[in-house]
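The values are calculated or read from the model by the stated rules, or taken from the named source; none is laboratory data. In this text the structure is predicted, and so the values were computed from the model without any measurement. Cβ atoms come from the backbone with ideal geometry, glycine included; neighbour counts cover every protein chain shown. The protein model used for the area step is the full one, side chains on, heavy atoms only, and it has no ligands, DNA or RNA in it. Shrake-Rupley method; radii C 1.70, N 1.55, O 1.52, S 1.80 Å.
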Amino acid sequence: MSSSEHQQPSVARTRKPRASSQARIAAILAAVRAELAEQGTGELSIYSVAARAGIPPSSVYHFFASVPALLEALTSEVHAAFRACLQAPLDHAQLRDWRDLSRIVESRMLETYAADPAARQLVLAQHGLTEVTRADQRHDVELGRLLQQLFARHFQLPALPEDIDIFTLALELSDRVYASSVQSHGVITPRMAEEGMRVFDAYLALYLPAHLPKHPAPICGAASQ
C-alpha cells in the first residue's frame, strides 16, 4: 500500500476512540452519581457502577483502576460546579459591603450542595477515603484563590497574611458546619446553612474590616494587595 493508504485508517482510529472514550467516561461518572445518590459510598464498587452504566466491568477498569479513582474523578466534576459559582456574573451595584458578596457566594454553594447528592457525599459525608479527601483539599485551594480574586475584583482588600490562605480556610470552616448537618440529617438544614454562612463571615471578619472600600466598578484581573 502507499503511505497515504496506511495513514488514512490511522486518523480514524485516533479520532473516534477519543470521542467514544469521553462518552464512556461520562456514562461511568453518571452511574457513580446515581449510585451515590441511592446508597452513598459504602456499597459502591466497580461492578455496581458497571451494572448501572450497562457496560462490562472491564470497561470501567480501563479508565478507573479503583473506586477511589472513580470518586476522585467525580470530585473534580463537583468542584467544577463550585468554580462556576464563583465565576457566574453578579451585580456590582447591589453590593453594599463585602458581606453581601460572601452571602451570594455561600448561597450559590449551598444551592449546589442541595442539588447534587454526589457533592454532599464526597465533600461533606464521612467516607474515610484518603484519595478523595486529598483531591477535595487540592480543589479547595483553587477555590480559595478564585474567591480571593472575586473579592479583590469588587473591593479593595487590605494586606493579608502570606503564610495562610484565609479564603480557603473560610470555605473549609463553613464546610465543617455543613458536614455536621449532612452527617446528622443527610442534608444541609436551613438552620445549619445559616450557621455555616455565619462562620464563613466571622472568620473573614478577622482579616477584613467591616467597611471595606468598594471599587467604583469591578476590576478585571484584580489581585489582593
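Only one of the numbered conditions (1) buried (at least 19 other Cβ atoms within 10 Å of the Cβ); (2) under 12 Å from PHE82 (Cβ atoms); (3) β-branched (Val, Ile, Thr) is not met by VAL177, and that is (2).
So that you can scan it fast, the table gives a plain yes or no per residue for (1) in a helix (DSSP H, G or I); (2) more than 22 Å from HIS211 (Cα to Cα); (3) more than 19 Å from the chain's Cα centre (by Cα):
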| site | (1), (2), (3) |
| --- | --- |
| ARG108 | yes, yes, no |
| GLU111 | yes, yes, no |
| GLN121 | yes, yes, no |
| GLN126 | no, yes, no |
| HIS139 | yes, yes, no |
| LEU169 | yes, no, no |
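In segment 156-168, the qualifying residues are those that are touching a residue at least 12 places away in the same chain (Cβ under 8 Å) and open to solvent by 60 Å² or more (accessible area, probe 1.4 Å), and the one that is nearest to ARG108 (Cα to Cα) is GLN156. Looking only at residues in segment 84-106 that are part of a helix (DSSP H, G or I) and small (Gly, Ala, Ser), the one that is most open to solvent (accessible area, probe 1.4 Å) is ALA93. Of all residues in segment 34-62, which are buried (at least 18 other Cβ atoms within 10 Å of the Cβ), part of a helix (DSSP H, G or I) and within 22 Å of the chain's Cα centre (by Cα)? Listed by number, the residues that qualify are GLU35, LEU36, VAL49.
Annotation note: Cβ proximity below 9 Å between a residue of segment 92-106 that is closer than 10 Å to HIS211 by Cα and a residue that is modelled with pLDDT of 95 or more and basic (Lys, Arg) (sequence gap 6+ or interchain) occurs for ARG96/LYS214; ASP97/LYS214; TRP98/LYS214.
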